[in-house]
Every structure is written in structure tokens, then in C-alpha cells.
Amino acid sequence: MVYRKGSNRNKTLYTVLLIICIVGFWLFENFYTPDSYSDPQSNNGSTVADYLLPGSTSGQLVVHEHFMLSYNESYEQAEWVGYSLKKEHMTYDDRKRPYFIEDPKVKTKSADWRNYRGSGYDRGHLCPAGDRRFSEYAYNETFYTSNISPQDRDFNAGLWNRLEMQVRRWAKRYNEVFVVTGGVLEQGLEEIGEEDVAVPRHFYKIVAKGSKANLQVVGFLMEGKESAKSLKTFLVPVDKIEELTGLDFFQGLPDALENSIEAKVSTSAWDF
């Protein structure tokens, strides 16, 4: 038997390098994320009309370029995310998924994405990445952790996705819709991660179109579980969503008009 000292030395060096690579990847995966996304052509604001925006129970209103939100630190997520979706936004541009990162505009610090790891829940987008493919920056913005909520995987990929696709069809048909969406944040919810991110039992989405004087609105409320039922099954008056969330939607409208559109369910102006 021939003993080759150099061969053992090479094996040792290989093992050390392999360990360094594994440790380096672990450190990168667990501790590195960019601080923020940059937009070289920022327009510094949202184009959503004030009368379409709900109130904020937390007082922490955050304005990004392509959506707005009210962050609720007690539940480590947004109580609502609002945005305009236009026909011209509907592109099929291929975008590389960026890192989920903390929202630099949330003063109390939005939840770290690692809270979701091993929880069994998806990082469910509120403003969908698919609605923001028209620019790299708009797409990346949706990966701020202020824009995600824990969702059951089958629900996220199933019923919730079906509703998102329906909203896109409306944007194409009606040229523009306004969307406000979120989880129902209430006491006694399951929590995940070191930061105790609440897991909503129900999610809502309110869609509006038309002018201020002729606003058409539909509201959806659904349990965070997969269902094969028709989307119409989940229609509810906006008043019902207000009752559950404690939010005041369309507070910028005249009281009579606000009360009228929030008290009823009407699908006559919407093509399902």
C-alpha cells in the first residue's frame, strides 16, 4: 500500500473549503438582505385619490410609489393595503423575484420574513406582485414585508389567487379599479415567529371603479382556507367588513353616498 501524504492534505483542504462555503451560505441566507429597493425614476408619491382611502387605526400610514398601507405593529402586518390597478399595468414581463425585506418606511420596523420560516404558512402578498410587473421597481416594492400576511398555502394559490385574477380582468375591462385589501386583525389570533406575527382567520378585498359621484363598489370576505365556491359566494356589504376590522372605508365621500354604497351588495355593474 502506498501512502500519499499530499492526497490527504488535498482532502483536508477540500473539506475546509466546503465547510466555509456552507457556513458562508448560511450566514448570507440568514443575516443578509438589502436595506431597501431603489428607484432611479421615483415620482415620490401615490396617485390614489384621498376619498378612496380608509382610515388608519394605528396612525402609521406608509406611502410607497405604487401602493399605500396602514401598518399595525400589534399584529406585525398591514391592516390594509390600497392601490390603483390600471389596464396598462397588465403586462407579462418576466421579473426575477427579489428578497423579502423589511419596509424602511415603517417606523416601528415591519416583521422580518424569517418569522414565516417553518410556520407552514405562505408569505401572502396583499398588493400582488403580478399586478406590478410593469416595472422592476414596482414589482420589487411588493416584496416589502409590510405587504405580506401569513396565508394557508392552498388558499393563497387557490381562492385568493382566483380573486386576484378576477380583479385583473376588471382592470382590463374597466381601464382602472381601486383595491383595498388585508387580513381581519382581531384578538386571539394564532401567532408565528419570534415577532409574533398574527395569522388572520379571514381576509377581505374591496374593489371600486368609476368617478366619485358614481362610484361602484364590491366587497369580499373569505375565510383563509381553500374553497371551490364561486367568488360571488363571498360578497358582503362593506359595512360588514368595517364591523369586523374597525376600519372606516371611503371616509372621504359625502356621508349619504358612503352609507349608500357600503350598505348593500350589488353586482349589476360588475362582469363576473
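The values are calculated or read from the model by the stated rules, or taken from the named source; none is laboratory data. Note that this is a predicted model, so its numbers are computed, not measured. Every residue, glycine as well, gets a Cβ built from its backbone with ideal geometry; the counts of neighbours run over all protein chains shown. Ligands, DNA and RNA are excluded from the accessible area calculation, which covers all protein heavy atoms including side chains. Shrake-Rupley method; radii C 1.70, N 1.55, O 1.52, S 1.80 Å.
Mind checking whether some residue in region 212-234 is of a type outside the set (A, V, I, L, M, F, W, C), out of contact with any strand residue (DSSP E or B) (no Cβ under 9 Å at 6 or more places or on another chain) and modelled with pLDDT under 95? Within region 212-234, one or more residues are of a type outside the set (A, V, I, L, M, F, W, C), out of contact with any strand residue (DSSP E or B) (no Cβ under 9 Å at 6 or more places or on another chain) and modelled with pLDDT under 95.
Here is a yes/no grid of residues against (1) among the β-branched types (Val, Ile, Thr); (2) in contact with a helix residue (DSSP H, G or I) (Cβ under 6 Å, 6 or more places away or on another chain):
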{"position": "108", "(1), (2)": "yes, no"}
{"position": "124", "(1), (2)": "no, yes"}
{"position": "137", "(1), (2)": "no, no"}
{"position": "149", "(1), (2)": "no, no"}
{"position": "158", "(1), (2)": "no, no"}
{"position": "169", "(1), (2)": "no, no"}
{"position": "172", "(1), (2)": "no, yes"}
{"position": "204", "(1), (2)": "no, yes"}
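Each residue in region 146-159 was checked for being touching an Asp or Glu at 6+ places or on another chain (Cβ under 7 Å) and part of a helix (DSSP H, G or I), and 6 pass. The residue that is farthest from the chain's Cα centre (by Cα), among those in region 240-267 that are open to solvent by 60 Å² or more (accessible area, probe 1.4 Å), touching a residue at least 24 places away in the same chain (Cβ under 8 Å) and under 16 Å from residue 53 (Cβ atoms), is 251.
Of all residues being open to solvent by 20 Å² or more (accessible area, probe 1.4 Å) and among the aliphatic types (A, V, I, L, M) in region 218-239, which is farthest from residue 185 (Cα to Cα)? Just the residue, please.
Restricting attention to region 218-239, the residues satisfying the condition of being open to solvent by 20 Å² or more (accessible area, probe 1.4 Å) are 221, 223, 225-230, 232-237, 239.
Those still in the list that are among the aliphatic types (A, V, I, L, M) too: 221, 228, 235-236.
Numbers: 221: 13, 228: 25, 235: 19, 236: 18 Å.
The qualifying residue farthest from residue 185 (Cα to Cα) is 228.
The rows are residues; the columns are (1) within 17 Å of the chain's Cα centre (by Cα); (2) under 24 Å from residue 171 (Cβ atoms).
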{"site": "52", "(1), (2)": "no, yes"}
{"site": "66", "(1), (2)": "yes, yes"}
{"site": "69", "(1), (2)": "yes, yes"}
{"site": "85", "(1), (2)": "yes, yes"}
{"site": "103", "(1), (2)": "yes, no"}
{"site": "108", "(1), (2)": "no, no"}
{"site": "112", "(1), (2)": "yes, no"}
{"site": "115", "(1), (2)": "yes, no"}
{"site": "132", "(1), (2)": "yes, yes"}
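Within region 105-128, work out how many residues are within 21 Å of residue 61 (Cα to Cα) and either β-branched (Val, Ile, Thr) or surrounded by fewer than 21 Cβ atoms within 10 Å (Cβ to Cβ) (or both).
Total meeting the criteria: 7.
Inside region 181-207, can you point out the residues that are open to solvent by 60 Å² or more (accessible area, probe 1.4 Å) and either polar (S, T, N, Q) or in a helix (DSSP H, G or I) (or both)? I'd like the intermediate steps shown before the answer.
To start, the set of residues in region 181-207 that are open to solvent by 60 Å² or more (accessible area, probe 1.4 Å) comprises 187-188, 190-191, 194, 196, 201-202.
Selection gives 187 alone.
Selection over region 208-217 of residues that are open to solvent by 60 Å² or more (accessible area, probe 1.4 Å) and touching a residue at least 60 places away in the same chain (Cβ under 8 Å) gives a count of 1. Remark: pairs (first residue in region 64-88, assigned to a helix (DSSP H, G or I); second residue of a type in the set (A, V, I, L, M, F, W, C); Cβ separation under 8 Å; 6+ apart in sequence or on different chains) = 87/171; 88/134.
State all residues of region 95-120 that are assigned to a loop (DSSP other than H, G, I, E, B) and touching a Ser or Thr at 6+ places or on another chain (Cβ under 6 Å); if no residue qualifies, say none.
Of the residues in region 95-120, the ones assigned to a loop (DSSP other than H, G, I, E, B) are 95-100, 102-112, 117-120.
The answer is 99, 100, 102, 103, 104, 106, 110, 111.
Every listed requirement among (1) open to solvent by less than 10 Å² (accessible area, probe 1.4 Å); (2) farther than 23 Å from residue 201 by Cβ is met by residue 145 save one, (2).
Could you check, for region 160-174, whether at least one of its residues is outside any helix (DSSP H, G or I), among the β-branched types (Val, Ile, Thr) and modelled with pLDDT of 95 or more?
Let us first name the residues in region 160-174 that are outside any helix (DSSP H, G or I), namely none.
No, every residue in region 160-174 fails to be outside any helix (DSSP H, G or I), among the β-branched types (Val, Ile, Thr) and modelled with pLDDT of 95 or more.
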